[in-house]
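Structure first, commentary second.
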Amino acid sequence: MSQKRPKSRRVEVRAGIVAMKRRNWRGAKDWQEGECWKSTKMKGKPTEVKNKSKQVGEVRSRWGWTESSVWTDSMLTALENGVKGGKWYSLIDKVWSEKNLMSGFKKVKSNRGACGVDGQSIHEYERRLDKEIAKLSGQIRTGSYFPQAIRRKWIPKVGTKEQRPLGIPTVRDRIVQTALRNVIEPVFERKFSSCSYGFRPGKSCKDALREVERCLKSGNIWVVDADIKSYFDNIPHDLLMKEIEKEISDGRILELIRKYLKQEVMDGMKAWSPEEGTPQGAIISPLLANIYLNPFDHFIEEKGFRIVRYADDFVILCKSREEAHEALETVSRWMSEAGLKLHPEKTRIVDARNERFEFLGYRFDKGRHFPRKKSLKKFKDKIRGKTKRTNGQSLKEIIASLNSCLIGWFGYYKHCNKWVFKEIDGWIRMRLRSILRKRQKRRGRAKGFDNQRWPNKFFEENGLFSLYGAYLKICQSRVMS
């Protein structure tokens, strides 16, 4: 009697990649999230699953900074491999996700921003957090969400009498902007050039400065030191939206971005809707600014020039004067076509062997590095505020407050010339001696015998952070390594 052969087992595996409308089963979305495909063959399956898991883990590690409640493993795989048609669809549901909005609130809270036009603080919003997040999610889902006006605040520009406009959205709008950025930033991050360093995950000012130094050492000593005139205020909305539409086709996402671009601005009793630009201070603005200049980055690189850009601040490093002039002409043409202008007084060509140029707070001076004058003034003003002679705190409390500022400042400017640190150390000790002199009923600034009454070792024993001492330690560690 013949035995019946067992039926082959069917194995179901979830394989979803969200990127396109559900009705198009072979479109950019590939297999819809939650759908299944079936295989009648068992042979080799464990090995495939193991390899797939390893690949997914590698993808996740490369995009570890993304919001996990938004960017699933399947979406990240689609991000790396590319989606059919090159555009992303159906992303708005990721914005209204309460998990994403809650993540947005945590980031807004950590930034400790000020109140918007509604006067509501982060602490007040947090009292009814669950209800507020649920309400916000429903408004975005139903299309009834509209951003409130931005409160304009004017802050002084360091070293000048001019003031810089700063836009402060309400807490609820900052939460939605953060949630929106969580969704769309990876889409554009994949396309951004490696020469762009500003407001990007895993990149910083220090990385940009290292690249400038590397280019200078390799012989690119002719520098196009350029400045875009009022960049954030002059970005054309229509051209910016065209760049965004190259990657995203979700109409509700695009409409949400347009709402932020047209968001009303309130300055005292005045109110208006901007026709161009993105408000400085808005969470979404740095990303939009990078999106608009991304074609510029690729264009300059394709022309063979070496550019280092941080937001609207950039330098182009060339081998010869002729190449630098050609680069400047190329930049001017592109900016004109993009509706932007170079600042005529702040844009120039520099021979780095004989002339100075400034970039990201540093002054590059004939192979040596110094803090930019404006940056140094800002730093000293902060120290002055902590070391007034009328300061009633104990010396240890004053030193503790100073150290938090000094350690952070040194971390950024540690590549400066050693004499900078020596001069600042002496100046800070003089101000501390002046406080101690005042407490002994003596008038005026510390001088003469005060240096012996309170020697350098006295401040060292009280825990004062020494910039020059930290610099020497770095030099010693380099020699030993």
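The values are calculated or read from the model by the stated rules, or taken from the named source; none is laboratory data. Because the structure is a prediction, the values reported are computed rather than measured. Note: ideal-geometry Cβ built from the backbone for every residue, glycine included; neighbour counts use all protein chains shown. Calculation scope for accessible area: heavy atoms of the full protein, side chains included, ligands and nucleic acids excluded. Shrake-Rupley method; radii C 1.70, N 1.55, O 1.52, S 1.80 Å.
May I ask you to list the trypsin sites (Lys or Arg not before Pro) in region 307-349 that are in a DSSP loop and have at most 16 other Cβ atoms within 10 Å of their Cβ?
Sparse-neighbourhood loop trypsin sites (Lys or Arg not before Pro): Lys319, Lys341, Lys346.
Which shape class, rounded, prolate or oblate, goes with region 389-451 when its Cα gyration tensor gives a ≥ b ≥ c as root eigenvalues, a/c under 1.5 marks rounded, and past that a/b bigger than b/c marks prolate? The shape class here is oblate.
Measuring r between the beta carbons of Leu472 and Asp267 and using R0 = 45 Å, the FRET efficiency lands at 0.35.
Close amide H contacts of Glu355 (hydrogens built in the peptide plane, cut-off under 5 Å, sequence separation of 5 or more or a different chain): Lys366. Compute the FRET efficiency between Lys217 and Lys414 as 1/(1 + (r/R0)^6), taking r as their Cβ-Cβ distance and R0 = 25 Å, and round to the nearest 0.05. For R0 = 25 Å, the calculated efficiency reads 0.85.
Lys pairs in region 259-348, Cα-Cα under 23 Å, at least 8 apart or on separate chains: how many? Intermediate results must be reported in sequence, preceding the final value.
Working: Lys259/Lys270; Lys262/Lys270; Lys262/Lys341; Lys303/Lys319; Lys303/Lys341; Lys319/Lys346.
The number of close lysine pairs in region 259-348 is 6.
Restricting the chymotrypsin sites (Phe, Trp or Tyr not before Pro) of region 369-470 to loop positions (DSSP other than H, G, I, E, B) with no more than 12 neighbouring Cβ atoms within 10 Å leaves Phe449.
Using DSSP to define loop residues, name the trypsin sites (Lys or Arg not before Pro) in region 356-446 whose beta-carbon has at most 14 other beta-carbon atoms within 10 Å.
Details: sites: Arg356, Arg363, Lys366, Arg368, Arg372, Lys373, Lys374, Lys377, Lys378, Lys380, Lys382, Arg384, Lys386, Lys388, Arg389, Lys396, Lys414, Lys418, Lys422, Arg429, Arg431, Arg433, Arg437, Lys438, Arg439, Lys441, Arg442, Arg443, Arg445; in loops: Lys366, Arg372, Lys388, Arg389, Lys414, Lys441, Arg442, Arg443, Arg445.
Sites meeting the loop and neighbour criteria: Lys366, Lys388, Lys414, Lys441, Arg442, Arg443, Arg445.
With the cut-off at under 20 Å, measuring from each backbone N in region 159-192 to a point 7 Å along the Cα-to-Cβ line of Glu124 picks out 167-177.
Could you give the length gained by full extension between Asn234 and Lys396, i.e. 0.36 nm per residue of separation minus their alpha carbon distance, to one decimal place? Walk me through the intermediate numbers first.
Numbers: separation 162, 0.36 × 162 = 58.32 nm, distance 4.83 nm.
Difference between extended and current length: 53.5 nm.
Excluding the site residues themselves, the longest part of the chain lacking any GluC sites (Glu not before Pro) in a DSSP loop with at most 10 other Cβ atoms within 10 Å is 1-161.
In order along region 57-66, phi translates into HN-Hα couplings of x, 5, 5, 4, 5, 6, 10, x, 7, 6 Hz, rounded to whole numbers, per the Karplus curve 6.51 cos²θ - 1.76 cosθ + 1.60 with θ = phi - 60° and x for Gly and Pro. Can you give the % of DSSP beta bridges in the chain that are antiparallel, to the nearest 5? Around 90 percent antiparallel, to the nearest 5.
Report the gain in length on full extension from Glu247 to Ser332: 0.36 nm times residue separation, minus Cα-Cα distance, nm rounded to one decimal. Here the segment from Glu247 to Ser332 would lengthen by 27.9 nm. Taking all protein chains as present, what is the carbon and sulfur share of the accessible area of region 138-213, in % to the nearest whole number, probe 1.4 Å? That share works out to 51 percent.
Under 5 Å between amide hydrogens, which residues at least 5 positions from Asp312 or on another chain qualify, with H placed 1.01 Å from N in the peptide plane? Placed amide hydrogens put nothing under 5 Å from Asp312. In this structure, the residue pairs whose Cα-Cα separation is over 20 Å, taken from Lys388/Lys441; Lys106/Lys153; Lys229/Lys380; Lys109/Lys374; Lys157/Lys414, are Lys106/Lys153; Lys229/Lys380; Lys109/Lys374; Lys157/Lys414.
Nearest 0.05, what FRET efficiency do Glu162 and Cys405 give at R0 = 45 Å with Cβ-Cβ as r?
On the way: r = 25 Å, r/R0 = 0.56.
Computed FRET efficiency for Glu162 and Cys405 comes out at 0.95.
Quick one: go through region 171-194 and flag any residue whose amide nitrogen is under 17 Å from the point 7 Å out along the Cα-to-Cβ line of Lys259. Label zone hits: 171-184. Each residue of region 359-366 was assigned a 3J(HN,Hα) from its phi angle through the Karplus expression (A = 6.51, B = -1.76, C = 1.60, θ = phi - 60°), giving 7, 6, x, 9, 10, 8, 10, 6 Hz with x at Gly and Pro.
Helical runs assigned H by DSSP (4 residues or longer) give the chain a calculated mean residue ellipticity at 222 nm of -15500 deg cm²/dmol, each run adding -39500 (n - 2.57) before division by the residue total.
Hey, what's the chain come to in accessible area per residue, 1.4 Å probe, Å²? Could you put the intermediate results ahead of the total?
Working: 26650 Å² over 481 residues.
On a per-residue basis, the chain sits at 55 Å².
Between Lys374 and Arg353, residue separation times 0.36 nm minus the direct Cα-Cα distance comes to 5.3 nm.
Placing dummy labels 7 Å off each Cα toward the beta-carbon, the span from Cys205 to Thr142 is 4.6 nm.
Residue by residue, region 165-176 carries 3J(HN,Hα) couplings of x, 10, x, 10, x, 5, 4, 4, 6, 5, 5, 5 Hz when phi is fed to the Karplus relation 6.51 cos²θ - 1.76 cosθ + 1.60 (θ = phi - 60°); x denotes Gly or Pro.
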